[in-house]
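Here is the structure we will look at, set down as structure tokens.
The values are calculated or read from the model by the stated rules, or taken from the named source; none is laboratory data. On a predicted model such as this, the values are computed, not experimentally measured, just so you know. Because the Cβ atoms are built from the backbone with ideal geometry, glycine has one as well, and the counts that use them run over all protein chains shown. The accessibility values were calculated without ligands, DNA or RNA, using every heavy atom of the protein model including side chains. Shrake-Rupley method; radii C 1.70, N 1.55, O 1.52, S 1.80 Å.
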Amino acid sequence: MADIPQNHPRYESLVTRDLIVDGVKNGITAIHGLTAHGRGEAFDYLIGEKTIEMAVCAQRAAVAMLLLAKKPVISVNGNTAALVPEGIIKLADFTQSEIEVNLFHRTETRVHRIVNHLKSKGAHDVLGQYGDAKIDLSHGRGIVDKNGIFSADVVLVPLEDGDRCQTLVGMDKKVISIDLNPLSRTSNSSTISIIDNVLRAIPNMIEFAKVMKSNNNHSLQDVIDSYNNREALSSAIYEIGENLKSHAIENNIPWNHFK
Ligand code: ATP
């Protein structure tokens, strides 16, 4: 990792970039993961690099959904494995979820590397190596484990691609996505769309899970029933608009030219 001065105004962002770059160097993250990360950074900038209120509601509802699920699975790709490996393991533990490696640019070597990486961080079982079932997709994401994503009722998909999200929803699964882009096909087709950075979302969800795991099914269902995903998307788009407007006003840029 490069020596980044802690007083650099974009210290956290640079450290995060290094995690992704190291993921690529270690053969965990596909090179394409760099561009996906860049798109995420751009949306994080627009959203103010903070967790908005409706994302907190989405995170709480998502945890309730995982806790109520019969067979919850957390899908992991190369970016997620590089950014939040320990967080994924903890969240899986508190919500009794399986972890499955599922890759768009799938190679067996990379699947094994990610499985080993997660195991080195404390995961016991990691699915994704069997690839003994197929879902209706023409790329690597279509190869899944029969005992994992294929038979799951709820799938958490951080940093998803829209195709697979739509396919999983089409299979009557509940899909929880974490994607900073409220305009993506993923965010618009998920059952619960968490518009937040995976680096902030996963720790928040762990805290919710610690508390909510002892809640009864009724109260978990209430949390889900009182959540509205269209409102969550709308509030993320509104937040971006407001951020652009205040930036323009603060910097004396005529905002009304955008009318
Ligand atoms: P879709 O197919 O859903 O329209 P896409 O083609 O943009 O999405 P990808 O190219 O796979 O999907 O991009 C990955 C997505 O992950 C992007 O939408 C980006 O905003 C999001 N993303 C990247 N890094 C992060 C992160 N750290 N936290 C949350 N989301 C992220």
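List of remarks:
- Checked against the criterion of being under 13 Å from the mean Cα position of the chain (by Cα), modelled with pLDDT of 95 or more and part of a helix (DSSP H, G or I), the candidates Ala64, Ala81 yield just one match: Ala81.
- Taken over the stretch 188-200, the criterion of being surrounded by 20 or more Cβ atoms within 10 Å (Cβ to Cβ), outside any loop (DSSP other than H, G, I, E, B) and near the ligand (Cβ under 7 Å from one of its atoms) is satisfied by Val198 alone.
- When the stretch 163-187 is filtered for residues that are among the hydrophobic types (A, V, I, L, M, F, W, C), assigned to a loop (DSSP other than H, G, I, E, B) and in contact (Cβ under 8 Å) with a residue 40 or more places away in the chain, the ones remaining, listed by number, are Leu180, Leu183.
- Residues that are within 14 Å of the ligand (Cβ to nearest atom) and open to solvent by 30 Å² or more (accessible area, probe 1.4 Å) are absent from the stretch 208-220.
- Scanning the stretch 43-96 for residues that are acidic (Asp, Glu) and more than 21 Å from Ala123 (Cα to Cα) yields Asp44, Glu49, Glu53.
- Lys119 free of Cβ contacts under 8 Å to residues at least 12 places away in the same chain and either farther than 17 Å from Ile74 by Cα or open to solvent by 50 Å² or more (accessible area, probe 1.4 Å) (or both): yes
- Checked across the stretch 137-158, the condition of being open to solvent by less than 30 Å² (accessible area, probe 1.4 Å) and polar (S, T, N, Q) holds for no residue.
- For the stretch 159-181, filtered to residues that are at pLDDT 95 or above, crowded, with 24+ Cβ neighbours inside 10 Å and not aliphatic (A, V, I, L, M), the residue that is farthest from the ligand (Cβ to nearest atom) is Ser177.
- Test: residue in the stretch 34-53 that is charged (D, E, K, R) and open to solvent by less than 40 Å² (accessible area, probe 1.4 Å): yes
- Condition check for Ile224: open to solvent by less than 70 Å² (accessible area, probe 1.4 Å), closer than 25 Å to Gly148 by Cβ, in a helix (DSSP H, G or I) and within 12 Å of the ligand (Cβ to nearest atom): no
- Ile149 more than 13 Å from the ligand (Cβ to nearest atom), among the hydrophobic types (A, V, I, L, M, F, W, C), touching an Asp or Glu at 6+ places or on another chain (Cβ under 7 Å) and within 23 Å of Leu68 (Cα to Cα): yes
- Scanning the stretch 20-42 for residues that are more than 9 Å from the ligand (Cβ to nearest atom), in a helix (DSSP H, G or I) and of a type in the set (A, V, I, L, M) yields Val21, Val24, Leu34.
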